[in-house]
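One structure is given here, and the rest of the page talks about it.
The values are calculated or read from the model by the stated rules, or taken from the named source; none is laboratory data. This is a predicted model, so every value here is computed, not measured. Positions of Cβ are generated from backbone atoms using ideal geometry, with glycine treated the same way; all protein chains shown enter the neighbour counts. Ligands, DNA and RNA are stripped out before the accessible areas are found, and what is left, the full protein with its side chains, is counted by its heavy atoms. Shrake-Rupley method; radii C 1.70, N 1.55, O 1.52, S 1.80 Å.
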Amino acid sequence: MTPVISLQQITKVYGAGETEVQALRGIDLTVNRGDYLAIMGASGSGKSTLMNIIGALDIASSGHYELDGINIDSLDESALSIVRNRKIGFIFQSFNLIPRTTALANVELPLLYRGVGRRERTTRATAALGAVGLADRTHHEPNELSGGQQQRVAVARALVAEPSLLLADEPTGNLDSRSTSDVLDLMDQMHAQGRTIVMITHEDSVAARADRIITLIDGLISSDHRTTR
Amino acid sequence: MNIYETLRIGLRGIGANRLRSGLTVLGILIGVAAVIILVAVGNGTTQSVTSNLESLGTNTLTVRHGTFGQPGAETRTQFKDLTVADAKALMDADVAPDVKSASPVVTSQSTCSYEGTTHATSITGTWPSYFEASNSKVSTGNYFINDDVISARRNIVIGQTVVDELFGVVDPVGKQIYCDGTPFTVVGVLESKGSSGFSDADDTAIAPLTTVQNHLTGYRSLDSVLVQSSSSEVMDSAQSEVYSILDDRHSITDTTARDYQVLNQATLLSAVEETTSLLTILLGSVAAISLLVGGIGITNIMLVTVTERTREIGIRKAIGASKGAILGQFLVEATVLSVIGGAAGVLLALIVTRFSVMGITPIVMPASVAAAFGVSVAIGLFFGSYPANRAASLRPIEALRHE
Ligand SMILES: Nc1ncnc2c1ncn2[C@@H]1O[C@H](COP(=O)(O)OP(=O)(O)OP(=O)(O)O)[C@@H](O)[C@H]1O
Ligand SMILES: [Mg+2]
């Protein structure tokens with residue numbers, strides 16, 4: 001079975017000369033289908049940088065990356081946008097919903113960019129909002145929702161297109177304990193349904209939900225172990 | 001993603017940013033409306049002044065009595081009246097072959113009344129040839145004739161404004177009016193020449209020269225002689241014939257110090273046309289500047305919009321929007337806003353130009369409508385798509401990090 005993520009000797013260098021920063025120094029990582037991976041590490045260790053490369057939001061300076069058997073290094077920008085749309089669902093620390101746009105319209109967006117017809121879009125987006133417990137908030141705009149609710153909308157948006165990979169960069173970083181457990185429960189559900197998840201977190205209690213934890217130090221993987229669950 | 005969906009996303013974007021969208025539309029609206037209105041006003045002024053002058057006849061010369069501040073006028077001892085004999089001399093077919101008619105003119109500012117209604121107007125005392133020379137046609141009733149002049153009959157032809165003021169809906173022909181106490185019989189009504197902004201060509205009355213002199217002005221010098229040349233081509237030779245005859249009769253030796261002045265209608269017309277077209281150009285450039293300023297406003301708003309929404313672009317790219325989808329959204333937004341703004345501007349201009357300003361009826365030039373609309377839409381499109389294109393080309397992570 002091809003792994004969902006296969007990284008070989010990935011490096012990322014920001015800037016040049018005096019201000020050059022080696023954010024990643026050679027990452028080798030394989031994530032299999034159905035894995036729930038947590039990435040930990042100190043601030044500045046390169047977690048987000050790695051996540052952005054996995055999500056095809058950014059391009060590695062060197063190394064080789066295959067997603068679901070597709071060679072990402074060789075794709076141009078328009079092919080990458082299709083990959084992001086079909087294969088990946090994102091959840092960000094800062095929610096990143098489109099402002100002044102209803103929850104329903106936000107959740108519909110990935111389907112819209114995929115070319116799904118209007119009626120099916122609405123049905124699926126409504127169902128996704130229902131699944132995250134926001135059936136009664138479909139026509140609220142982001143600024144009319146609490147942080148926890150906004151993050152659940154973001155989860156619904158990441159889910160609706162049924163991606164093979166769910167990426168979450170500190171999804172609970174801005175949430176209280178109640179909303180944190182709501183969001184983590186949702187991710188557990190998805191994991192139970194067989195979805196592959198990669199999540200960045202600073203908190204051990206959050207990482208404990210995953211079944212594999214890797215720790216980054218200065219752009220290198222320093223530990224990689226399975227949790228005992 | 002089809003065009004319909006792109007359109008929907010664009011329209012949703014407009015709805016999501018109402019204030020900004022409103023300001024953009026307003027900027028374009030004002031620019032477009034200003035261009036159309038100002039050009040229409042300039043154009044209307046030109047047309048009104050020109051038609052005013054043309055209504056006086058394009059092949060006439062006006063000989064005016066007086067010195068009009070010419071240098072040397074004070075030192076001249078001779079100062080002869082302009083007389084009926086002068087007018088007759090101008091009609092000598094041998095000496096002045098290019099003069100078709102010469103009509104002596106006296107004018108009197110008089111108050112006329114009919115059954116208790118009074119109206120002050122200017123009465124021109126002249127000969128029947130004046131009607132043709134001054135392009136004045138009678139619409140109902142008759143002209144007065146030479147016989148009326150010889151017998152000094154108190155017949156009068158009145159303009160439409162005088163009819164409206166004194167008679168209202170009553171048919172004035174055959175009625176008697178009193179002007180400065182003298183009874184006149186209305187024999188005809190002049191065809192309307194229309195008011196033309198600066199003066200009302202219809203607020204006038206024309207009566208036989210002798211009658212006006214007898215009862216209203218007395219036998220002083222003529223105010224002017226209206227000379228009609230046989231065609232507009234021979235205006236210049238007619239003018240020199242007038243000069244040579246009158247110089248001789250008035251014993252003028254120094255041609256810079258005449259006691260009369262000849263105004264050439266054609267020269268006047270072209271001079272005025274030059275001035276008014278200059279006015280149109282001036283107003284047009286003021287308008288063009290306002291369109292430009294409006295355009296800079298649009299550019300500014302569009303730039304701010306895209307910068308402000310770079311993060312939004314990043315989010316959209318992160319969930320799989322292609323560059324084309326992003327560009328399409330901003331193009332739709334910019335197009336819809338500039339078309340709405342442009343159309344509203346045209347509409348506003350068309351409404352405003354229906355009203356006359358200070359007696360000038362603006363005349364809309366179709367070219368200015370097309371140009372203003374086209375330029376504004378082009379500005380909106382270009383400055384809407386250029387920054388959007390820049391933002392859409394960013395890597396998603398760069399757009400997302402944007403603050
Ligand atoms: N756009 C950039 N330009 C230059 N340097 C960058 C850029 N993004 C990240 N870096 C640098 O790369 C290194 C890794 O950053 P990264 O954001 O991956 O850290 P992180 O592990 O996510 O930290 P945190 O836990 O605080 O989010 C840091 O030293 C950071 O300063
Ligand atoms: Mg980070």
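Return P(r) of segment B:291-393 (all Cα-Cα pairs; 10 Å bins starting at 0; whole %; ordered from short to long distances).
Pairs per bin, as whole percents: 15, 37, 24, 14, 7, 2, 0.
Going by amide H atoms built from the backbone, whose H comes under 5 Å of the H on A:Arg100, apart from near neighbours?
Answer set, sorted by chain and number: A:Asn143.
Note the buried accessible area between A and B here, summed over both chains, with a 1.4 Å probe, in Å² to the nearest 100.
For A against B, buried area totals roughly 2400 Å².
Longest exposed-loop-site-free stretch of chain A, with GluC sites (Glu not before Pro), DSSP loop and at most 15 other Cβ within 10 Å?
A:21-202
Please give every one of the lysines within straight-line cross-link reach of B:Lys100, meaning a C-alpha to C-alpha distance under 17 Å, and leave out same-chain neighbours fewer than 8 residues apart.
The qualifying lysines are B:Lys88.
Give me the inter-chain shielding for A:107-114: mean count of other chain Cβ atoms within 10 Å, whole number please.
Other-chain Cβ atoms within 10 Å of each residue's Cβ, averaged: 5.
Let me understand segment B:81-249 better: what is its radius of gyration from the alpha carbons, and its Dmax, in angstrom?
Just the Cα atoms of segment B:81-249 yield Rg and Dmax of 16.5, 51 Å.
Determine the percent antiparallel among the DSSP beta bridges restricted to the protein assembly as shown, to the nearest 5.
Antiparallel: roughly 70 percent of the beta bridges in the protein assembly as shown.
Under a no-solvent Debye model with one identical scatterer per Cα of chain A, what's log10 I(q)/I(0) at q = 0.07, 0.08 Å⁻¹?
-0.22, -0.29
How many partner chain Cβ atoms sit within 10 Å of a residue's Cβ in peptide B:318-330, on average, as a whole number?
6
Normalised by the number of residues in segment B:81-249, what is the relative contact order in percent for Cα pairs under 8 Å and 6+ residues apart?
Numbers: 349 pairs, mean separation 57.4, N = 169.
Once divided by the residue count of segment B:81-249, the mean separation gives 34 percent.
How large is ³J(HN,Hα) for each residue in segment B:205-215, as worked out from phi by the Karplus curve 6.51 cos²θ - 1.76 cosθ + 1.60 (θ = phi - 60°), to whole Hz, x for Gly and Pro?
Using θ = phi - 60°, the values come out as 8, 10, 9, x, 3, 4, 5, 5, 5, 4, 9 Hz.
What are the ³J(HN,Hα) values, in whole Hz, obtained from phi via the Karplus relation 6.51 cos²θ - 1.76 cosθ + 1.60 with θ = phi - 60°, for each residue of segment B:86-101 in sequence order, with x given for Gly and Pro?
Using θ = phi - 60°, the values come out as 4, 4, 5, 4, 5, 8, 5, 5, 6, 7, 10, x, 8, 8, 8, 8 Hz.
Quick one: work out Rg over Rh on the C-alpha atoms of chain B, Rh as Kirkwood radius.
The Rg/Rh ratio comes out at 1.25.
Let me see the pair-distance distribution of segment A:69-124: every alpha carbon pair, 10 Å bin width, integer percents in order.
19, 44, 31, 6
Can you tell me which of A:87-99, B:347-359 comes out highest on packing, and rank the rest after it, using the mean Cβ neighbours within 10 Å? Kindly include the intermediate steps, with their values, before the conclusion.
Working: A:87-99: 21.8, B:347-359: 14.4.
With the highest mean Cβ count within 10 Å placed first, the list reads A:87-99, B:347-359.
Quick check: convex hull over the Cα atoms of segment A:1-120, volume per residue in Å³, rounded to an integer?
Looking at segment A:1-120, the number lands at 155 Å³ per residue.
What span do the alpha-carbon atoms of the protein assembly as shown cover on each of the three principal axes, reported in whole Å from largest to smallest?
So the three principal-axis extents are 133, 56, 35 Å.
Taking chain B as the reference, fit the longest principal axis to its C-alpha atoms, fit the long axis of helix B:3-16 to the helix C-alpha atoms, and give the angle between the two in degrees, 0 to 90, nearest 10.
80
Sequence gap at least 6, Cα distance under 8 Å: using those rules, report the relative contact order of chain B to the nearest whole percent.
Once divided by the residue count of chain B, the mean separation gives 31 percent.
Give me, ordered by chain and number, the residues 5 or more places off A:Ile5 or on other chains with an amide H under 5 Å from its own placed amide H.
A:Val31, A:Asp68
Name the residues of segment A:42-61 whose accessible area falls by at least 20 Å² when all protein chains are present instead of the chain alone, probe 1.4 Å?
The answer is A:Asn52, A:Leu57, A:Asp58, A:Ile59.
Roughly how many percent of the accessible protein surface of chain B is carbon and sulfur, given a 1.4 Å probe and a whole-percent answer? Don't skip to the answer; put the middle values down first.
On the way: 11040 of 18230 Å².
Answer for chain B is 61 percent, counting heavy atoms of protein chains only.
Can you spot the lysines whose alpha carbon is less than 19 Å from B:Lys193's alpha carbon? Ignore those fewer than 8 places along the same chain.
B:Lys137
If I take every Cα pair under 8 Å that is 6 or more residues apart in segment B:176-317, average their sequence separation and divide by the length, what percent do I get for the relative contact order?
Working: 34 pairs, mean separation 11.3, N = 142.
It rounds to 8 percent for segment B:176-317.
Determine the per residue accessible area of segment B:217-285 with all protein chains present and a 1.4 angstrom probe, expressed in square angstrom.
Result: 49 Å² per residue.
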